Amino acid sequence: MNLENLKHLSILYVDDDEILRNSTQNILSTLFENVFVAKDGEEAIEIYNKSHIHILMLDIKMKNMSGIDVAKYIRAIDSKIPIFLVSSYTDVEDVLEAIKLDLVDYIKKPFSFEELLNTLIRCLSRIDSKYLIKNNLGENAFYDFLSKQLISNGEYITLTKSEIDVIEIFLQRRNKLISYVEFAHILGENISEVALKNIIYKLRKKIGNNSIQNLSKIGYILN
């Protein structure tokens, strides 16, 4: 598995230990294109809901909302995203909960760079095996997460930044209704409904009209 592929992905790291959070963020920044950090579970969910996250790294023991709780929340939205937990100690109950959530790994603090790297390699394998790198968007149309391009009938088609953002939102919430309000929250509140409709109209022409369904005055679904 090519670690260079991490350069095209984003990770969200959640830990209430500021010193460890900052040092680990520096390490992750050498590997990933985008590194998001949060100090607690509530901030993590807020970041997840308005960003494009490909991998989640969660501390277990945090105030108010644990890493397990964050994982449960995100698993209800996305059954495929790779998630792994970190903890200063091993708790049997936490391990059993983690198994139910189909997590990639459970590593103990303090962890070495090699341990972190091995877990990230497993995350990459999970992404590849679950077809998250190349996603089928319709008949003969695929989206390549790494190149951020559309592949239609074997040809690569360059997308605008707005089109990339919209496609990745759809893929994170595939087969789920996404309202105009949710799109505006993730893309930025300054985007108008007319602008969103225009982006989706252009995407439909590129990937086929049947892939994206419009529920009038409510939102859209990617089948």
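The values are calculated or read from the model by the stated rules, or taken from the named source; none is laboratory data. Bear in mind that the values here come from a model prediction, so they are computed numbers and not experimental data. Methodologically, a virtual Cβ is constructed for each residue, glycine included, from the backbone with ideal geometry; neighbour enumeration extends over all protein chains shown.
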Q) Taking into account only those residues within the range 148-186 that are among the small types (G, A, S) and in contact with a strand residue (DSSP E or B) (Cβ under 7 Å, 6 or more places away or on another chain), which is nearest to I199 (Cα to Cα)? A) S179
Q: All but one of (1) of a type in the set (S, T, Y); (2) within 25 Å of L3 (Cα to Cα); (3) modelled with pLDDT of 75 or more; (4) in contact with a helix residue (DSSP H, G or I) (Cβ under 8 Å, 6 or more places away or on another chain) hold for S152, so report the exception by its number.
A: (2)
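Return the only residue of S152, S192, S211 being surrounded by fewer than 17 Cβ atoms within 10 Å (Cβ to Cβ) and of a type in the set (G, A, S). Steps first, answer last, please.
Values: S152 fails: surrounded by fewer than 17 Cβ atoms within 10 Å (Cβ to Cβ); S211 fails: surrounded by fewer than 17 Cβ atoms within 10 Å (Cβ to Cβ).
Only one candidate passes the filter, namely S192.
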Q. Can we say K108 is under 26 Å from D165 (Cα atoms) and either outside the structural domain of R174 (by TED's automatic domain parsing) or surrounded by 16 or more Cβ atoms within 10 Å (Cβ to Cβ) (or both)?
A. no
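Out of the range 35-60, which residues are more than 17 Å from L116 (Cα to Cα), at pLDDT 90 or above and surrounded by fewer than 22 Cβ atoms within 10 Å (Cβ to Cβ)? Show your work before the answer.
At the first step, the residues of the range 35-60 found to be more than 17 Å from L116 (Cα to Cα) are 38-53.
Narrowing the set further to residues that are at pLDDT 90 or above leaves 38-48.
Hits for the range 35-60 are K39, D40, E42, E43, I45, E46, I47.
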Q: Test K63 against the stated conditions and say whether it is loosely packed, with under 14 Cβ neighbours inside 10 Å, outside the structural domain of I178 (by TED's automatic domain parsing) and in contact (Cβ under 8 Å) with a residue 40 or more places away in the chain.
A: yes
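How do the strands (runs of 3 or more DSSP E) wholly within the range 85-203 filter down when requiring 1 or more residues that are farther than 23 Å from H54 by Cβ and free of Cβ contacts under 8 Å to residues at least 12 places away in the same chain: which remain? Give the derivation first.
Working: elements: 105-108, 134-138, 141-144, 149-152, 155-158.
Those strands (runs of 3 or more DSSP E) span 155-158.
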Q. Since N140 meets every condition but one in (1) outside the structural domain of D17 (by TED's automatic domain parsing); (2) farther than 30 Å from S211 by Cβ, which condition does it not meet?
A. (2)
